[in-house]
Structure formats: structure tokens, C-alpha cells
Amino acid sequence: MKLYRSPRGDEGFSLVETLTSLAIMGVVMTALTTFFVSTTNTINKQRGLQMAIRLASDAVEQVKSLPGSTLPIGRSLSDVTAQLTADPIPGLDVNQLKASMNLVSDATLPLGSASLDPVLPVQPEVMPVNDATFTRHWFLGSCVVDATKLLNNPACVLPTPAIPNPLAYYRVVIAVTWQNTRACAGGVCSFITDTLVAASTTDPVFNPSVTVAPPLPDNPGNQASDIGVPIVPLTLTATSSYPPLTWSAPEGLPPGITINDAGLVSGTPTTAGTYVVRVVVKDNASTNDASFNWVVNPLPKLTVPDQTFDAGSAVAYQVPLTGGTAPVAWTATGLPAGLTIDPATGVIKGTSTATGAAAIANVTVTAKDSLKQTATAAFKWNTKVAVQYPNATTPIALTKGTAYSGSVTAFGGTGSYTYSSPYLPPGLSMSTAGLVTGTVTNGTRYLITVNVKDSNGVTNSTVVPVNVTVPTGLRITTPALTAPDKTSPKGTALTYTVVATGGTAPYTWAVANLPAGLALNTSTGAITGTPTTAGTSVVNLTVTDKTGATSAFAFVWTIT
């Protein structure tokens with residue numbers, strides 16, 4: 001009999017035990033993977049948040065080191081407004097921002113101008129740190145705190161009548177954003193903080209962590225001067241608890257301008273340009289500074305070329321000026337009758353009423369700027385010869401079959417005039433002296449061009465309507481003589497039928513210069529289609545009856 005020794009309990013695992021162990025290890029490793037990924041994302045986010053907090057805190061400390069009155073300097077209204085329409089910042093509610101403070105800009109900058117060396121950046125600051133890129137945004141607004149509730153830590157809000165004792169503050173909101181596609185919604189993380197700074201220009205700014213309030217300089221505002229003209233001395237002032245004050249200007253004063261210890265700015269600027277001036281004031285305890293812009297303009301200069309305008313036409317001519325400091329006062333002598341110069345803008349305007357042979361006027365224009373510096377220019381104002389009669393607003397009325405005699409007249413030129421008109425109605429002729437004679441043989445309406453030339457060879461022309469009444473016989477009745485011209489919108493299909501009466505049917509129609517996109521049915525007179533191009537066309541219609549009699553009609557068709 002063969003005996004088998006029973007296996008010991010530690011000699012190995014069964015297959016079931018092995019599979020069970022592998023399954024447990026897979027579950028554990030899967031759980032650890034998720035844990036490690038989550039932990040990595042959290043660490044990355046925390047690293048980014050720590051750097052964002054540091055950048056925001058640096059910005060707050062920078063703001064606290066500045067006098068409140070200097071914060072708006074250099075921030076243009078257009079740039080400040082554009083901040084609210086830029087790409088949204090996660091966690092920053094623009095509507096809530098506008099509801100809690102009024103956005104602040106530099107009131108001394110011209111409307112529509114760009115920011116000029118702002119004390120607080122208007123454009124986002126892009127700051128690479130290690131392998132990440134952070135963007136810092138600055139928003140500046142004003143709000144008030146109820147002085148009667150200071151002990152209750154009141155919020156800084158928009159001013160209302162319900163706050164009878166408001167204390168003015170600037171609120172600086174700093175938002176720092178950075179990219180993190182895994183840790184933050186939308187792939188952009190943000191950290192936002194704000195701080196308040198007193199907006200008063202007369203009281204020192206108090207900070208709980210600072211025991212000495214620095215002197216607070218009064219902003220003198222932007223300055224403007226003319227090159228080579230001594231400035232009116234400017235005395236800088238500041239509020240201080242520790243006088244006396246000592247002033248300096250370490251940078252930005254225009255060449256030729258100096259400042260003494262008492263803050264008196266004087267001198268004569270020698271170089272044109274735009275300067276950003278930084279002045280520093282020192283009292284017995286500390287120092288502070290302020291910045292403002294100083295523009296040194298070239299002396300005013302006028303260079304005006306000779307001008308030529310039609311007699312009787314409306315004029316609006318801006319006299320060109322370079323240099324000078326606004327505002328500028330304008331005067332002019334020798335202008336043609338009917339024209340004047342605007343004393344505030346330098347625009348020559350009006351309607352010339354020059355007649356006869358006085359075609360050239362010798363004009364002198366003078367511009368005096370706010371610093372009493374003047375520029376003068378002399379030029380010639382040539383008034384071109386113009387047709388006086390007939391004119392484009394009063395049609396010539398003729399009758400078919402009736403003799404006509406009339407004269408064309410002109411004014412504004414020199415010497416004698418020579419007249420011509422190449423497209424008179426059939427039966428009429430014009431002499432070079434402007435005498436129109438003859439008997440019109442066709443109706444119904446014509447647009448004729450009358451040309452005139454003076455003794456100096458100066459020419460001009462005008463387009464005049466001629467309405468021909470046809471007592472009997474073939475004539476065009478649509479369009480009507482009383483309202484001949486037509487206006488239609490571009491891109492809209494239309495049907496317009498021209499009509500003739502008299503003569504012997506059937507009628508045959510022809511047309512020249514229809515607006516693009518339109519066509520004429522030569523049998524029915526229907527004009528159909530869709531106008532494709534905006535503009536003005538002088539349309540010439542012709543109708544012929546069975547006997548060969550014709551009638552013409554010219555009108556203006558405007559496509560808008």
C-alpha cells in the first residue's frame with residue numbers, strides 16, 4: 001500500500017487564490033492612478049494660485065504706495081471703457097463691478113485719445129513665471145463710504161442721496177489669470193482681490209501699516225506751451241503734516257524749463273514734443289511724487305494754397321494750421337462777398353455772391369493761439385465763372401411749334417464769355433454770345449448742358465431741364481413733367497411703365513443709360529428688373545409712333 005504525504009499549508013496558492021489576488025491588485029492600482037492624477041492637478045492649481053496671490057499682493061502694495069490722486073493719471077476714457085468689453089475673466093462679474101463703482105479715467109486727456117503712460121496699467125500685463133504665463137488686469141473705479149458708519153465697517157458703494165456724509169475712495173480691482181486646462185473650468189484660472197485708496201487731494205492717505213503719512217502733492221494738470229515762449233510761472237503745492245517742503249523734478253521737464261526747491265516751475269521751452277513730467281516732493285518725514293503731461297507745440301504756422309470755387313456754390317474750407325496751443329482765434333480779410341471765417345474753428349464758409357469780372361480775391365488769414373502767438377498767410381481766392389441763367393432748379397418752359405428766343409448769362413469770370421450747348425432740343429440753336437433761338441419740333445423733356453468760358457479760359461457748365469409742352473400730337477406723359485425724377489432701392493425688383501399719348505399707335509420705345517439690372521420692353525414701355533448698383537443715371541427715353549413721329553424725355557433715376 002502506497003502512502004501520500006499531505007501538503008503543508010505554506011507550499012503555494014491555488015489558482016482561485018492567485019486570480020483573486022490579481023483582481024484586488026488591479027482595483028488598487030486603478031484607484032491609485034486616479035488619486036495621483038487628482039493630486040497632480042490639485043498641486044498644479046495650488047502652485048498657480050500661490051503665484052497669482054503673490055502677483056496680486058504685489059499690485060496692492062504698489063497701489064498703497066501711491067497718492068490716491070495720481071491713480072487716474074494717463075488712463076484714457078476709451079481704453080477704460082474697452083476693459084469692460086474685453087474677454088471675460090472667470091469670477092469677475094462686470095455688471096456687479098459697474099454697479100458698485102464708477103470707472104475712472106484721466107479727465108485731462110482729449111476724448112477718443114489713447115492712454116498716455118498711465119500710473120496704473122490699462123492694458124493687461126503678461127508675466128511669464130517659470131513654465132506658466134500669468135496675466136494681471138487692473139480696474140480703477142470710485143466709490144464712497146458713509147462717514148457716520150465707519151465703526152461698522154461699511155461697504156464702499158456708488159454715491160446716493162442716502163449717504164449724507166460720503167468719504168471718496170478709489171477702488172482698485174486686481175485680477176490675475178493663468179491657463180490650466182485640467183484644474184479650472186474653461187481652462188482659465190483666476191484670483192481676484194481689491195483695495196481702497198482715499199481719493200482726496202487735500203488729505204493725506206492713511207495706511208494702518210504706515211505710521212507716517214507722506215506729503216500729498218496736488219496734481220497741477222496737463223500743461224501746454226509754445227516753443228520759444230516763456231511760460232507763466234507755475235507753483236506746485238502739496239499737503240503735508242511735516243513741513244517745510246522741498247521739490248525736484250528728476251525726469252520729464254521740457255528742455256528750457258526748471259524747478260526750484262520751493263516748487264516754482266519757470267523758463268522757456270526750447271524743444272517741441274510731449275513730455276511726461278515726474279515731480280517729487282519731500283517733507284521732514286518722507287517723500288512722494290506726482291506725474292502730469294506737458295506738450296510743447298511748435299509756433300503756429302499757416303501754409304494756404306490758392307483756392308478755386310464756383311461762384312454761387314456753398315463753401316466749407318478748413319484753413320490748414322500746424323503748431324500753436326489751443327484755443328485759436330481766427331480772422332480773415334479780403335474774402336469774396338458771401339463768405340466768412342469762423343473765429344473759433346478757422347473754417348471759411350458761406351455762398352459766394354461774387355458777380356461781374358471780380359473773379360480773383362486776395363485773402364489774408366490770421367491765426368492767434370492762446371499764448372498770443374500769431375501766424376498769417378496770404379493767398380488768392382479764385383471764383384470760377386458760373387452760369388447765372390438759366391439754372392438747374394428752374395426748368396425752361398417751351399411749347400412745341402412756337403418760336404423761342406432767350407439769352408444765357410454768367411457771372412464770376414473775367415472779361416467776356418463764350419457759350420455753347422451741344423445737345424439742345426431739335427429746332428433750337430445757341431450762338432457763342434449765349435442767344436438761344438428757334439422752334440422746338442419735338443417734346444417732351446430734355447436735360448441740356450450749358451457751357452461757358454471767360455476771357456482767361458476758365459470754364460464751367462450747368463445742366464438745365466427744358467420742358468416742352470405739346471398741345472397736340474405725340475408726347476410722353478409718364479414720367480410726368482411735374483415730377484420727372486425717380487428713386488428706387490438697390491436689390492428690390494420693380495416694374496415701371498412709361499406712357500405716351502397722341503400720335504398713331506402702335507408705339508415703339510427706346511432707352512439709353514438705364515440703371516444696371518433694368519431692361520425696357522420696346523412694345524409695352526414696361527421697365528422691369530432688379531437694380532444692382534447704387535448711383536445716379538440720366539435716362540433718355542424715346543418713343544416713335546406708326547407714322548415715324550418721335551418724342552423724347554430725359555430724367556434722373558437714382559438707385560440707393
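The values are calculated or read from the model by the stated rules, or taken from the named source; none is laboratory data. Every value quoted in this text rests on a predicted model; they were computed, and no experiment measured them. In this analysis, Cβ positions are derived from the backbone assuming ideal geometry, glycine residues included, and neighbour counts consider all displayed protein chains.
Hey, can you tell me all the residues within the stretch 76-126 that are surrounded by 13 or more Cβ atoms within 10 Å (Cβ to Cβ), among the β-branched types (Val, Ile, Thr) and not in a loop (DSSP other than H, G, I, E, B)?
Within the stretch 76-126, Val80, Val94 qualify.
How many residues are more than 39 Å from the chain's Cα centre (by Cα) and part of a loop (DSSP other than H, G, I, E, B) when one looks only at the stretch 488-516?
So the answer is 7.
Among the residues of the stretch 313-337, write down those that are surrounded by 15 or more Cβ atoms within 10 Å (Cβ to Cβ), over 22 Å from Pro110 (Cα atoms) and in contact with a Ser or Thr (Cβ under 6 Å, 6 or more places away or on another chain).
Result: Pro336, single match.
Here are the criteria: (1) under 26 Å from Ala326 (Cα atoms); (2) part of a loop (DSSP other than H, G, I, E, B). Tell me which single one Val265 does not satisfy.
Just one mismatch for Val265, condition (2).
For the stretch 514-553, what are the residues that are among the hydroxyl-bearing types (Ser, Thr, Tyr), within 20 Å of Gly473 (Cβ to Cβ) and free of Cβ contacts under 8 Å to residues at least 60 places away in the same chain?
Thr542, Thr544, Thr547
Which members of the stretch 269-294 meet the condition of being within 24 Å of Ser76 (Cβ to Cβ) and either buried (at least 18 other Cβ atoms within 10 Å of the Cβ) or outside the structural domain of Asp226 (by TED's automatic domain parsing) (or both)?
Tyr275, Val277, Val279, Asp289, Ala290, Ser291, Phe292, Asn293, Trp294 - these are the residues of the stretch 269-294 that are within 24 Å of Ser76 (Cβ to Cβ) and either buried (at least 18 other Cβ atoms within 10 Å of the Cβ) or outside the structural domain of Asp226 (by TED's automatic domain parsing) (or both).
Considering only residues that are of a type in the set (S, T, N, Q) and assigned to a loop (DSSP other than H, G, I, E, B), which ones fall in the stretch 52-75?
Ser65
From the residues in the stretch 270-303 that are part of a loop (DSSP other than H, G, I, E, B), polar (S, T, N, Q) and more than 30 Å from Ile348 (Cα to Cα), which one is nearest to the chain's Cα centre (by Cα)?
Thr271
Can you confirm whether the stretch 480-487 contains a residue that is on the phi > 0 side of the Ramachandran plot and in a strand (DSSP E or B)?
no
If I go through the stretch 441-457 residue by residue, how many of them are in contact (Cβ under 8 Å) with a residue 12 or more places away in the chain and surrounded by fewer than 19 Cβ atoms within 10 Å (Cβ to Cβ)?
Residues flagged as in contact (Cβ under 8 Å) with a residue 12 or more places away in the chain and surrounded by fewer than 19 Cβ atoms within 10 Å (Cβ to Cβ) within the stretch 441-457 amount to 5.
Name the pairs: first residue in the stretch 337-351 and closer than 14 Å to Leu302 by Cβ, second residue of a type in the set (D, E, K, R) and in a loop (DSSP other than H, G, I, E, B), Cβ to Cβ under 6 Å, at least 6 apart or on different chains?
Nothing qualifies.
Just wondering, is there one or more residues in the stretch 209-221 that are closer than 30 Å to Gly91 by Cα, at pLDDT below 80 and either in contact with a helix residue (DSSP H, G or I) (Cβ under 7 Å, 6 or more places away or on another chain) or in a loop (DSSP other than H, G, I, E, B) (or both)?
Yes, there is a match, as at least one residue in the stretch 209-221 is closer than 30 Å to Gly91 by Cα, at pLDDT below 80 and either in contact with a helix residue (DSSP H, G or I) (Cβ under 7 Å, 6 or more places away or on another chain) or in a loop (DSSP other than H, G, I, E, B) (or both).
Confirm whether Ser461 is small (Gly, Ala, Ser) and over 20 Å from Pro422 (Cβ atoms).
Spelling it out, it is not the case that Ser461 is small (Gly, Ala, Ser) and over 20 Å from Pro422 (Cβ atoms).
Can you name every residue in the stretch 378-421 that is outside any strand (DSSP E or B), in contact with a Lys or Arg (Cβ under 9 Å, 6 or more places away or on another chain) and at pLDDT 90 or above?
Selection gives Lys400 alone.
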